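So the structure is just underneath, and the comments pick up after that.
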Amino acid sequence: MFSKFNKKIKDISSPQEKSIKKNNTSNILEEPSKDGNKSKESSLEKRFESDTTQTKSPPDTLHDTNPKTSNSLGSLNDPSAIMNSAIGDKSQHLLFEIEQIPDKTIKPVIDFNNNSVSYPILSKIGQSSDNTLFLDDLVTDGTLKRQVHEKLIICPDHPDKFSSSVKLYCPGCNSVNVEKLNLYEHKKCGFITENLVHDFSNPNNSECPSCGKKIIDFKKEIRIPAMWHQCIDCKEKFDNAIIKMFCRKHEHDFDINSGRFVTTYSYQLRDHDAPITSDEELMRDDLITLLNNLNFSAEFTVLVKGKSGNHHKIPIYATNNSNGESIAVFMDYDTEISQSKINSILIPILDIDPKHTMLISSLEAKEDVKPLAKQYGIQIISDSKRSKIIEQVDEFISKNYPKPGEPIES
Ligand SMILES: [Zn+2]
Ligand SMILES: [Zn+2]
Ligand SMILES: [Zn+2]
């Protein structure tokens with residue numbers, strides 16, 4: 001940490017850097033003429049090209065938010081309370097709950113007695129746990145992704161009953177009294193036996209009757225060279241047992257091919273660890289360089305601990321070297337900023353409570369998104385040109401963190 005700090009001071013005070021910085025400042029103060037704009041852009045680009053090597057830092061660094069700069073939002077220990085007091089919106093609360101699940105996926109729970117599919121997480125946000133329409137709405141707006149979780153085979157005559165099982169019949173006498181039969185081979189000594197004679201899978205029979213060695217790892221030491229079934233009633237041995245489905249509620253068989261399907265779905269948070277594009281990577285490097293030059297310590301992909309105790313992955317997190325105030329920077333580079341993107345940002349920023357939040361995009365945000373962003377103090381910065389974005393970020397930060405001797409713009 002200390003050596004990095006030294007390095008940064010060294011970089012800033014290099015003569016080349018100083019002159020570029022000076023150029024840049026004077027350009028911003030000038031009325032923009034066509035030519036002036038052009039030279040400003042190229043000098044900015046040059047500045048960031050020459051600097052990108054210093055910005056690499058280890059990803060996933062742990063940071064604690066500075067308690068001095070945090071405003072209190074609800075109870076410090078209950079993440080749900082933070083969400084409830086800060087935003088009443090149920091979908092945002094749900095996103096917060098999904099964030100706490102390791103694979104960010106809501107899975108269905110099937111109740112075979114009541115023949116229902118439910119999502120218990122919904123009851124946490126005051127919704128009925130079988131309200132799949134609520135989840136489907138979040139799929140429509142792009143927040144969640146729906147995936148097939150399971151295909152249950154159910155009775156064609158009683159499709160409202162989910163509970164069915166597989167039954168095996170003897171092909172000779174049609175009895176269900178069928179036993180599984182297989183051979184075991186002790187790999188080490190070559191001893192072969194039927195499972196009804198010596199069942200190696202039973203832990204009490206772990207000693208080989210032939211060589212006397214103890215079997216410690218059944219899967220590794222025992223081979224199953226053959227497997228079939230035997231009918232206990234007619235004693236016939238066969239490997240083509242008749243397989244039927246059994247409707248448990250109404251106690252009758254049905255053919256597996258006549259069975260109907262019930263499809264259950266899981267819902268996963270979208271953009272979970274989306275791969276970063278090369279444009280986004282360049283943007284990220286430029287932003288980190290800029291922030292470091294403006295008296296911030298900036299790093300990318302930082303895990304920041306929020307008031308709830310949960311960690312949030314922030315694309316760029318910068319802390320002011322003088323007063324410890326923090327800036328969280330999010331990027332939605334090649335997509336139009338949508339309401340669901342704002343929703344996904346709200347969760348970490350309400351918990352971390354940075355002084356400033358920026359959302360960077362190469363595309364203009366949708367009109368309906370702007371008031372929402374404004375409400376939560378999210379500064380949307382968008383432009384198709386990378387250098388223009390850097391310029392806007394530079395202006396925004398310089399306005400909020402003037403260098404000594406510079407007047408505060410209003
Ligand atoms: Zn049935
Ligand atoms: Zn039989
Ligand atoms: Zn043996």
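The values are calculated or read from the model by the stated rules, or taken from the named source; none is laboratory data. For clarity, every value in this text was computed on a predicted model and none was experimentally measured. Cβ placement follows ideal geometry from the backbone for every residue including glycine, while neighbour counts extend to all protein chains displayed.
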Could you tell me whether any residue of the stretch 128-138 is under 20 Å from the mean Cα position of the chain (by Cα) and modelled with pLDDT under 90? yes
Take the residues in the stretch 134-176 that are among the hydroxyl-bearing types (S, T, Y) and within 16 Å of ligand 2 (Cβ to nearest atom); name whichever of them is surrounded by the most Cβ atoms within 10 Å (Cβ to Cβ). Y169
Output for Cβ contacts, cut-off 8 Å, separation at least six or different chains, first residue within 12 Å of C211 (Cβ to Cβ) and in contact (Cβ under 8 Å) with a residue 60 or more places away in the chain in the stretch 180-195, second more than 16 Å from ligand 2 (Cβ to nearest atom) and among the acidic types (D, E), reads none
Selected residue [in contact with a Gly (Cβ under 6 Å, 6 or more places away or on another chain) and more than 30 Å from I337 (Cα to Cα)] from I153, I192, I215: I153
State all residues of the stretch 180-197 that are in a strand (DSSP E or B) and either more than 16 Å from ligand 2 (Cβ to nearest atom) or surrounded by 13 or more Cβ atoms within 10 Å (Cβ to Cβ) (or both); if no residue qualifies, say none. L181, N182, L183, Y184, E185, H186, I192, T193, E194
Identify, please: which residue in the stretch 219-257 is of a type in the set (D, E, K, R) and within 16 Å of ligand 1 (Cβ to nearest atom) and is, among those, farthest from L196 (Cα to Cα)? K249
Of all residues in the stretch 160-194 being under 30 Å from S116 (Cβ atoms) and in contact with a His (Cβ under 8 Å, 6 or more places away or on another chain), the one that is nearest to ligand 1 (Cβ to nearest atom): K161
Which residue is farthest from ligand 1 (Cβ to nearest atom), if the candidates are limited to the stretch 199-218 and must be surrounded by 12 or more Cβ atoms within 10 Å (Cβ to Cβ) and of a type in the set (D, E)? E207
For the stretch 118-157, give me the residue count where each residue is outside any helix (DSSP H, G or I) and of a type in the set (D, E). 4
Would you mind telling me which numbered condition in (1) exposed (fewer than 13 other Cβ atoms within 10 Å of the Cβ); (2) without any contact (Cβ under 8 Å) to a residue 12 or more places away in the chain; (3) touching a Lys or Arg at 6+ places or on another chain (Cβ under 8 Å) M227 fails? (2)
So P159 fits all but one of (1) within 16 Å of ligand 3 (Cβ to nearest atom); (2) closer than 30 Å to I110 by Cβ; what number is the exception? (1)
What strands (runs of 3 or more DSSP E) completely inside the stretch 220-324 contain at least 2 residues that are among the polar types (S, T, N, Q) and farther than 30 Å from N177 by Cα? 260-269, 296-305, 311-320
